[in-house]
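The values are calculated or read from the model by the stated rules, or taken from the named source; none is laboratory data. Note that the structure is predicted; figures quoted are calculated from it, not measured. Here the Cβ positions follow ideal geometry from the backbone for every residue, glycine too, while neighbour counts run over all protein chains shown. Just so you know, the surface numbers come from the protein's heavy atoms only, side chains and all, with ligands and any DNA or RNA stripped out. Shrake-Rupley method; radii C 1.70, N 1.55, O 1.52, S 1.80 Å.
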Amino acid sequence: MIKPILTAAALSFSVAAGASDRVLLVVSSAGTADDPESGYEFDELTQAWWAFVDNGYEVEIASPAGGEPQSEERNPMWAFNQRFLDSPTAMAAAATTTPLADVSASDFDAVFVIGGSGAAIDLPTDDDLQALIADVYDQGGVIGAVCHGPAALVNVRVDDKAFLTDRHVTAFTNAEEALFGDKEGGGWSLEDRIVAEGGRFDGGGIMHVHVVADGRVVTGQNPFSTAATAEATIRAMGGEPLDRAPYRSEMTMALAELAAEQGLEAAAGKLASNPDDYEAMFLALLGFHQFQAAHEEDAVRDALTLMQLSEPYFQHEMVALATAAAHERLGDVDAARQVLTALLARSPDSEAARERLAALAN
């Protein structure tokens, strides 16, 4: 039976937990110091680590090569990252990952695959990982994966058929890949590959918190979905995660979802009531990237809403220029002029704003 899809608007964190089960977190070994963005997603590792550790599970980290794999940015602005960086135990586990060839399926009750660009490069072709996932599942265990982590599932076979056949799953979507995926899954679309393997792909809104649980297979769409995906994995294992306050990253994406559904006024009121609960910069950048890819008027309007929502708390020339351009595309030239005039008041040296304002005067 398929469990309900979780969304940011319906995040729920139940009371009571506790477990003696063991969970294996898997990260990519594909990253290099020359190209850190080819590594695993640190934000996802830290959120998953704390979700399982805080609920009493024994956690180990493994990777194809073992040792200390390259991670993507270790941004201390997020509390879960700073907490991990401050923990000698957690940092030692990340620095001494177990080679997948040395992992025994009988030692673990769940495997949870972390994403990041590297996950789409080496995990789909790692025979040890494919065998481990199949064996853990066959012995009644749970398989979880987030963002690009589901790339590890595309070559797994169970009972002589593709593991993903007829399973409801999610992962980093084609829409998200187009906006944020520099490497585009190592040259292939993860969403398309899941469908080609017979999976039933279920994507949510861009960077919205979105989790799909199909029996003992649990997948999350993007980095912001990691904690909720780990908690859904705990439920699939028969546990119940402890209460916790939503992370600021989750709150921010929930606010973006609210803005898309109910408009600027509703979202702005919520942001103004507790601005420290949200990250305005992420709202601005999400709106900016969505505007760059927008073709339809509704998409332009949604992107503009996010940029306007962030403006009282975060100002950047690039975002202001995009905001003005969005107003233009929607036919509101006066609003575009107002945005450009305000930008010049803040940044008198902005030649781009000056040139665009002059063009609108003609």
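Some notes on this structure:
- Cβ pairs under 6 Å, 6+ apart, first in segment 91-109 and within 17 Å of Ile133 (Cα to Cα), second modelled with pLDDT under 95: Asp109/Asp21
- Residues that are touching a helix residue (DSSP H, G or I) at 6+ places or on another chain (Cβ under 6 Å) and more than 25 Å from Met281 (Cα to Cα), drawn from segment 75-100: Ala90, Leu100
- Helices (runs of 4 or more DSSP H) wholly inside segment 62-148 containing at least 1 residues that are of a type in the set (D, E, K, R) and more than 21 Å from Ala33 (Cβ to Cβ): 79-85, 127-138
- Considering the conditions (1) touching a Pro at 6+ places or on another chain (Cβ under 9 Å); (2) in a loop (DSSP other than H, G, I, E, B); (3) buried (at least 24 other Cβ atoms within 10 Å of the Cβ), Ala151 is excluded by exactly one of them, (2).
- Test: Thr97 is of a type in the set (S, T, N, Q) and open to solvent by 30 Å² or more (accessible area, probe 1.4 Å): no
- Within segment 135-148, the set of residues being under 21 Å from Phe108 (Cα atoms) and either of a type in the set (Lys, Arg) or open to solvent by less than 10 Å² (accessible area, probe 1.4 Å) (or both) comprises Val136, Gly141, Val142, Ile143, Gly144, Ala145, Val146.
- Of all residues in segment 235-245, those satisfying the criterion of being in contact with an Asp or Glu (Cβ under 7 Å, 6 or more places away or on another chain) and either open to solvent by 20 Å² or more (accessible area, probe 1.4 Å) or modelled with pLDDT under 95 (or both) are Met237, Leu242.
- Total residues in segment 9-33, condition at pLDDT 85 or above and not basic (Lys, Arg): 11
- Residue in segment 305-324 that is at pLDDT 95 or above, in contact with a Ser or Thr (Cβ under 6 Å, 6 or more places away or on another chain) and open to solvent by less than 40 Å² (accessible area, probe 1.4 Å) present: yes
- Counted residues, segment 36-58 - those being modelled with pLDDT of 95 or more, under 21 Å from the mean Cα position of the chain (by Cα) and outside any loop (DSSP other than H, G, I, E, B): 14
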